[in-house]
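**Student:** First the structure, which I've put down as structure tokens, then a few questions once you've had a look.
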Amino acid sequence: MIPLPAPNTMTRPYRGLSAQEADIDLNDESAILDYILGREVYRRTEWLLLSNGDDRALIEVRKESFEPLFSPVTEARVLAGPDRIVFIVDPTTDVGNPTQLAFSALAHAQPNTDAYAVQGKYEHINVIWQPEPVTVIVTEVVPPEPAKLFELAKQAVGFDEDLPPIRLVLDAVDIREMAKNNPANGYLLPCRGSGVDLPADVTFLDTRPPERLDWTLIGCERSVQFHRHFYGDEPEQVDFCPNHRAEELGKEALVLTKCCLLERGVEVRGNTAIVPWGSNLDEIRLALRMITGVGPLPEPKQIGSALTP
């Protein structure tokens, strides 16, 4: 028998779903199977969404072959009848994107429902089974705001259709709170990009101030290294390294963070993915793929002269 799908299962790409009208009783499983078995379907079809008026049913199928354009169904299972499926019209949702599809479904969540069919942008339809977004904590220093790593992670989630549905949660390492909890005559911040009003004079390390002042550095190990090079000593320091903060979140949490000691690429330690300070979108996308179990970025596909439907 065809097994039930795992949570978050959807057709990828959504051409794997065939939405059809069917003049049969969709509450009658035997009638559905009699209608489906032996029927020709497109070779890419994995799920059928049958409709009869306001009733709908979701069926998974196995085909005789993947080679011809159409092939008869040899096995089928009714995954959800009309009482366990919700149909949603949401023209703002890209139904090919797992996160958008899942959150559109959850916005219309109902008890005892397994399948959510969403008619989204361009009137395309896809179905997600038992949406359960994966939580990823993004640890980032603020200000500046909005938090750059968090914003780029949102872009990656909105682009990569191989990722599972993801709920991003910002864990902000706030320079203002650090200064409040560590009073000083003056503060040294790593760069002007972190410009912020603090309760004492603020100097920026990237300007290489000509005079060594009595300041407290709010920064990380790389800033300490710069300070040692510029002035020959180590200042009083409040460590704001988001990577160190991530280590406190526990081994079970999925965490995306950054570290200035990593100059390029992605480093994964258990459930934590670390990207460089100033990372690009591909590095962040790869980091999310690694900690969610999707794997490396796909190889670029060669464009040929023929289309494969």
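The values are calculated or read from the model by the stated rules, or taken from the named source; none is laboratory data. Worth saying up front: this structure is predicted, and the values here are computed from it rather than measured. Cβ: placed from backbone, ideal geometry, glycine included. Neighbour counts: every protein chain shown.
**Student:** Take the conditions among the basic types (Lys, Arg), in contact with a Pro (Cβ under 9 Å, 6 or more places away or on another chain) and over 23 Å from Glu151 (Cβ atoms) and apply them to Arg264. Does it pass?
**Tutor:** Values: among the basic types (Lys, Arg): yes; in contact with a Pro (Cβ under 9 Å, 6 or more places away or on another chain): yes; over 23 Å from Glu151 (Cβ atoms): no.
No.
**Student:** Quick check on region 229-247. Is at least one of its residues of a type outside the set (Ser, Thr, Tyr), without any contact (Cβ under 8 Å) to a residue 40 or more places away in the chain, more than 26 Å from Pro190 (Cα to Cα) and in the same structural domain as Glu140 (by TED's automatic domain parsing)?
**Tutor:** The answer is no, given that none of the residues of region 229-247 is of a type outside the set (Ser, Thr, Tyr), without any contact (Cβ under 8 Å) to a residue 40 or more places away in the chain, more than 26 Å from Pro190 (Cα to Cα) and in the same structural domain as Glu140 (by TED's automatic domain parsing).
**Student:** For the subset of region 116-151 comprising residues that are aromatic (Phe, Trp, Tyr) and over 13 Å from the mean Cα position of the chain (by Cα), which member is modelled with the lowest pLDDT?
**Tutor:** Per the stated criteria, the residue is Tyr122.
**Student:** Taking the criterion of being of a type in the set (Val, Ile, Thr) and under 17 Å from Gln155 (Cα atoms), would at least one residue in region 224-239 satisfy it?
**Tutor:** First, the residues of region 224-239 that are of a type in the set (Val, Ile, Thr): 224, 238.
Filter once more, so that each one left must be under 17 Å from Gln155 (Cα atoms): none.
No; the residues of region 224-239 include none that is of a type in the set (Val, Ile, Thr) and under 17 Å from Gln155 (Cα atoms).
**Student:** Shifting gears a bit: Quick test of your reading of the structure: Gln225 fulfils all but one of (1) out of contact with any strand residue (DSSP E or B) (no Cβ under 6 Å at 6 or more places or on another chain); (2) in contact (Cβ under 8 Å) with a residue 40 or more places away in the chain; (3) of a type in the set (S, T, N, Q). Name the failing condition by number.
**Tutor:** Among (1) out of contact with any strand residue (DSSP E or B) (no Cβ under 6 Å at 6 or more places or on another chain); (2) in contact (Cβ under 8 Å) with a residue 40 or more places away in the chain; (3) of a type in the set (S, T, N, Q), the lone unmet condition for Gln225 is (2).
**Student:** Can you give me the ranges of the strands (runs of 3 or more DSSP E) entirely in region 88-173 with at least 1 residues that are without any contact (Cβ under 8 Å) to a residue 60 or more places away in the chain?
**Tutor:** Values: elements: 115-119, 125-129, 134-142.
Counting at least 1 such residues, we get 115-119, 134-142.
**Student:** If Ile128 satisfies every condition in (1) over 30 Å from Pro190 (Cβ atoms); (2) surrounded by fewer than 20 Cβ atoms within 10 Å (Cβ to Cβ) but one, which is the exception?
**Tutor:** (2)
**Student:** Please specify each residue of region 1-45 satisfying the condition of being among the basic types (Lys, Arg) and within 15 Å of Leu79 (Cα to Cα). Before you say what the answer is, go through the steps one by one.
**Tutor:** Taking region 1-45 first, the residues among the basic types (Lys, Arg) are 12, 15, 39, 43-44.
Listed by number, the list is empty, since nothing qualifies.
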